[in-house]
């Protein structure tokens, strides 16, 4: 019977499952819509996806799951998830019951960072900060090929620090779902970028459409993304000042904006406490697939 490594990316709008062999070769992928706000149906959907992969491939495998939020060490339940139906739930235990095997769970940004540090854009780097900037703003840290966890299970959660070096017109900032104001997430997420453009122009556009208008040299879009690049540079400079990573990999929908890889490193030298900055800002090798690949890698022997 074929031995599989199965990863599941449990997102707010979709659940994606991937089966790889032990060499990391992708074998089969499935995706379904997430049952919004329905915890019981979400657990069932994950179990059904895993079962479908195994039946199609004629094998069984380990299962790793990337989720929003994290498992609280104190009680084993999910915390800090923006898919709020998961919060306070014993997700790992319920999935283990449904799948009749042990399941490993990590934050989706941790899974992204692990994937890109293992065989992605940052393969071989000693220290990697993986960033997801999309609906929210998350991060994960990989040191020497291993995920950094921490006693509070929040390593890498840079999005819920305040925007560094705020200008007067940036105070106090928008209210975050965590209950505070001015979090980095409220400035750098995809919805935050869209909000800034809407406030400046009165026009409702997606982040991707704003990026296209920037490429077309529309003055409003150029101004918004100039400002956005500086805010991201400030925010990542604090990460560099504390962690000093060899690489930062930028994922999520906003990570598809090409100009960030040019402009953010140009800006962050103003804020990093060093005479020069040799940290590299990289595009992910596996894009949106990194999260599910990293989830499958949660069963790597070194972890």
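The values are calculated or read from the model by the stated rules, or taken from the named source; none is laboratory data. Everything numeric in this text was worked out from a predicted model, so none of it was measured. Neighbour counts are summed over all protein chains in view; Cβ atoms, including those assigned to glycine, are modelled from backbone coordinates with ideal geometry.
In summary, residue 197 fulfils each of the numbered conditions (1) buried (at least 24 other Cβ atoms within 10 Å of the Cβ); (2) free of Cβ contacts under 8 Å to residues at least 40 places away in the same chain; (3) under 17 Å from the mean Cα position of the chain (by Cα) with the single exception of condition (3). Only a single criterion out of (1) modelled with pLDDT of 95 or more; (2) outside the structural domain of residue 245 (by TED's automatic domain parsing); (3) at negative phi is not satisfied by residue 100, namely (3).
Determine if segment 54-74 includes at least one residue that is over 21 Å from the mean Cα position of the chain (by Cα) and within 30 Å of residue 160 (Cβ to Cβ). Talk me through it step by step, then tell me what you get.
Step one: list which residues in segment 54-74 are over 21 Å from the mean Cα position of the chain (by Cα), which gives 54-62, 74.
Imposing the further condition that a residue be within 30 Å of residue 160 (Cβ to Cβ) reduces the set to 74.
Yes, some residue in segment 54-74 is over 21 Å from the mean Cα position of the chain (by Cα) and within 30 Å of residue 160 (Cβ to Cβ).
Criterion applied to 86, 95 was being buried (at least 18 other Cβ atoms within 10 Å of the Cβ) and farther than 19 Å from residue 13 by Cβ, and the one residue passing it is 95. Taken over segment 64-75, residues that are in a strand (DSSP E or B), in contact (Cβ under 8 Å) with a residue 60 or more places away in the chain and within 14 Å of residue 93 (Cβ to Cβ) amount to 2. Taking segment 175-246 and the helices (runs of 4 or more DSSP H) fully enclosed by it, the elements with 3 or more residues that are under 29 Å from residue 274 (Cβ atoms) are at 184-188, 219-243. Among all residues of segment 46-61, there is at least one that is touching a residue at least 24 places away in the same chain (Cβ under 8 Å), surrounded by fewer than 18 Cβ atoms within 10 Å (Cβ to Cβ) and assigned to a strand (DSSP E or B).
Apart from one condition, residue 78 fits all of (1) crowded, with 20+ Cβ neighbours inside 10 Å; (2) in contact with a helix residue (DSSP H, G or I) (Cβ under 8 Å, 6 or more places away or on another chain); (3) in contact (Cβ under 8 Å) with a residue 40 or more places away in the chain; the exception is (3).
For every residue, the table says whether it meets (1) crowded, with 18+ Cβ neighbours inside 10 Å; (2) closer than 23 Å to residue 267 by Cβ; (3) modelled with pLDDT of 95 or more; (4) not assigned by TED's automatic domain parsing to the domain that holds residue 82.
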| residue | (1), (2), (3), (4) |
| --- | --- |
| 143 | no, no, yes, yes |
| 165 | no, yes, yes, yes |
| 178 | no, no, no, yes |
| 183 | yes, yes, yes, yes |
| 210 | yes, yes, yes, yes |
| 244 | no, yes, yes, yes |
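Go through the residues of segment 2-15 one by one and say whether even a single one is in a strand (DSSP E or B), under 19 Å from residue 120 (Cα atoms) and more than 21 Å from the chain's Cα centre (by Cα).
No, there is no match, as no residue in segment 2-15 is in a strand (DSSP E or B), under 19 Å from residue 120 (Cα atoms) and more than 21 Å from the chain's Cα centre (by Cα).
Looking across segment 103-121, the residues that are surrounded by fewer than 24 Cβ atoms within 10 Å (Cβ to Cβ) and either part of a helix (DSSP H, G or I) or free of Cβ contacts under 8 Å to residues at least 40 places away in the same chain (or both) come down to 118, 119.
Regarding residue 156, is this residue touching a residue at least 12 places away in the same chain (Cβ under 8 Å), part of a loop (DSSP other than H, G, I, E, B) and either under 18 Å from the mean Cα position of the chain (by Cα) or closer than 18 Å to residue 291 by Cα (or both)? Against the criterion (touching a residue at least 12 places away in the same chain (Cβ under 8 Å), part of a loop (DSSP other than H, G, I, E, B) and either under 18 Å from the mean Cα position of the chain (by Cα) or closer than 18 Å to residue 291 by Cα (or both)), residue 156 qualifies. A count restricted to segment 294-303 and to residues that are in contact with a helix residue (DSSP H, G or I) (Cβ under 6 Å, 6 or more places away or on another chain) and either more than 10 Å from residue 112 (Cβ to Cβ) or at pLDDT below 95 (or both) stands at 1.
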